[in-house]
């Protein structure tokens, strides 16, 4: 049996010994059935050859001349049985990942049986209940997140209009299995249109759902500073979620509420206040127009399988960020990350309208206009949560119920973003996208850049043009400019990208801090694709910043060097 870090047999190796024979036999039932076994998988390698560059803060020294993350997985699918296995090698991972991320072994292995609406999974799996307020396990390699549950799950779809899920197991946190946190859950969703003919007659759907999650974690020794008192930590933490969504024609409405029991942890300074989250979302969509409005209030909803953890690991749940996820370089310089433990009020709206062809604003080919806006504020904390132990006042909120937070009161502004995008086609070969963005960022709360300035305000202009010579050759260019009087002040960005579809793409870009340091973050890249293979080679500088997805952000250090990315899918 293979051994992992420090010569200790890992849980992955143990599962390998137990489930690999089942994986080998997974194809037998399907081979006997009419359906043949389908095999698919992938190989991914992300490699960096780092260089020291003091000008941008890439100081090193680097212990290894080559850093890489490598993944390989294979999956079998058949009529009655699915199975899969994934191996990872990150002994010398790319810069910016948490220190415990380093390791190697079998990270994911599962067998799934399917029969007449019943689906039973043994091994590693991912699951989400509702919007993820109390449970969301997923893999996001760019962030270094893989919080899969290793255990068992039963999905039942045997009754029309009813979906049931029951699960339980241990949650993965990188390669550290020294402390197993157990996670159990159940979820039920009822689709009322199956039971109410009036809804079907009006082409409407109505879903009612509920979820329950239980975390069991071993005790820890955590002492209140100033006195020799040890916290009485709950071994079990309960969480509930109820939700309902209604859809009729162009209208869609979703309401969701989640509640979490006492869960003292590093995130909430080991306080005992309950957590909660509530969300309302409504949208309207028809040909040529769409509207989205959302509101969310969350408080003390950091829900981890390990209470002492910080950073982005060991989360059982996920709180989506109500902020537009920008793909352009300069608008993404100051991203927003959801505030789990202190909580937040968040609002988001989006409006899209397509001006028809041959109208004053539509022109010959039509014009698409999109407006997005986000506003996020902190909660108001009231009261004095200092602990009183044996008549002695302890200057710490540890061990208390924390501050009270009036429901409708809003605190300081954390983030504001409004942007206007215009997509315009000028000819069959030429089209452009224009964007203006105004952004406000409370760095005292979010602490996403190293500066003494409390607030960061930006105005950003983007022009993105694409010219299609023919079906194979395309040239695209970007010009961006960020105006700011804070942090590193003004930035400029330019990009040229030439594509020979579907085989080759050549990219040249430069991000220039013209307002402060004068540093250029240049990048030269070539991407080639052939059948199932894709290879990207790039060389240049990467600015220190954050890589964000779904309200979760990973800090990325400054980098200078050669980067190679290879993927193979079969």
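Please enumerate the residues belonging to region 356-371 that are at pLDDT below 95 and either in a loop (DSSP other than H, G, I, E, B) or surrounded by 14 or more Cβ atoms within 10 Å (Cβ to Cβ) (or both).
Those that are at pLDDT below 95 and either in a loop (DSSP other than H, G, I, E, B) or surrounded by 14 or more Cβ atoms within 10 Å (Cβ to Cβ) (or both): 356, 357, 358, 360, 361, 362, 363, 364, 365, 366.
Suppose the filter is farther than 17 Å from residue 423 by Cβ and modelled with pLDDT of 95 or more; does residue 294 pass it?
Taking the combined requirement at face value, the residue satisfies it.
Considering (1) modelled with pLDDT of 95 or more; (2) under 17 Å from residue 316 (Cα atoms); (3) touching a strand residue (DSSP E or B) at 6+ places or on another chain (Cβ under 7 Å), say which one residue 123 fails and leave the rest.
(2)
Have a look at 559, 536 and point out the one that is crowded, with 16+ Cβ neighbours inside 10 Å, touching a strand residue (DSSP E or B) at 6+ places or on another chain (Cβ under 6 Å) and farther than 30 Å from residue 322 by Cα.
On inspection, the qualifying residue turns out to be 536.
Would a scan of region 168-186 turn up a residue that is over 22 Å from the mean Cα position of the chain (by Cα), under 19 Å from residue 244 (Cα atoms) and crowded, with 16+ Cβ neighbours inside 10 Å?
Yes, region 168-186 contains a residue that is over 22 Å from the mean Cα position of the chain (by Cα), under 19 Å from residue 244 (Cα atoms) and crowded, with 16+ Cβ neighbours inside 10 Å.
Look through region 466-483, keep the residues that are touching a residue at least 24 places away in the same chain (Cβ under 8 Å) and crowded, with 16+ Cβ neighbours inside 10 Å, and return whichever of them is farthest from the chain's Cα centre (by Cα).
Per the stated criteria, the residue is 468.
Can you confirm whether region 187-209 contains a residue that is closer than 30 Å to residue 307 by Cα, outside any strand (DSSP E or B) and in contact with a strand residue (DSSP E or B) (Cβ under 9 Å, 6 or more places away or on another chain)?
Within region 187-209 (the criterion being closer than 30 Å to residue 307 by Cα, outside any strand (DSSP E or B) and in contact with a strand residue (DSSP E or B) (Cβ under 9 Å, 6 or more places away or on another chain)), the answer is no, since none of the residues qualifies.
Could you check region 96-142 and list, in sequence order, the residues that are within 20 Å of the chain's Cα centre (by Cα), on the phi > 0 side of the Ramachandran plot and part of a strand (DSSP E or B)? Break it down stepwise before answering.
We begin by selecting, within region 96-142, every residue within 20 Å of the chain's Cα centre (by Cα); these are 96-101, 107-108, 124-142.
Pick out the ones that are also on the phi > 0 side of the Ramachandran plot and you get 96, 130, 132.
Correct list: empty.
Would you check if residue 323 is more than 26 Å from residue 185 (Cβ to Cβ) and not in a loop (DSSP other than H, G, I, E, B)?
Answer is no for this residue.
Working carefully through the options 519, 501, find the one that is more than 28 Å from the chain's Cα centre (by Cα) and under 21 Å from residue 53 (Cβ atoms).
Values: 501 fails: under 21 Å from residue 53 (Cβ atoms).
Testing whether each residue is more than 28 Å from the chain's Cα centre (by Cα) and under 21 Å from residue 53 (Cβ atoms) leaves just 519.
Are there any pairs with C-beta distances below 8 angstrom linking a residue in region 435-462 that is on the phi > 0 side of the Ramachandran plot to a residue that is surrounded by fewer than 21 Cβ atoms within 10 Å (Cβ to Cβ) and modelled with pLDDT under 95, with the two at least 6 apart or on different chains, and if so which?
Listed pairs, sorted by first residue: none to list.
Check whether at least one residue in region 484-495 is part of a strand (DSSP E or B), over 30 Å from residue 336 (Cβ atoms) and touching a residue at least 60 places away in the same chain (Cβ under 8 Å), and report yes or no.
Checked region 484-495: no residue is part of a strand (DSSP E or B), over 30 Å from residue 336 (Cβ atoms) and touching a residue at least 60 places away in the same chain (Cβ under 8 Å).
How many residues does region 49-75 hold that are under 23 Å from the mean Cα position of the chain (by Cα) and touching a residue at least 40 places away in the same chain (Cβ under 8 Å)? Lay out the reasoning, then the answer.
Keep residues of region 49-75 that are under 23 Å from the mean Cα position of the chain (by Cα), which gives 68-73.
Add one more test, that the residue is touching a residue at least 40 places away in the same chain (Cβ under 8 Å), and what stays is 69, 71.
Matching residues across region 49-75 total 2.
The values are calculated or read from the model by the stated rules, or taken from the named source; none is laboratory data. Owing to the predicted nature of the structure, the values given are computational and were not obtained by experimental measurement. Cβ: placed from backbone, ideal geometry, glycine included. Neighbour counts: every protein chain shown.
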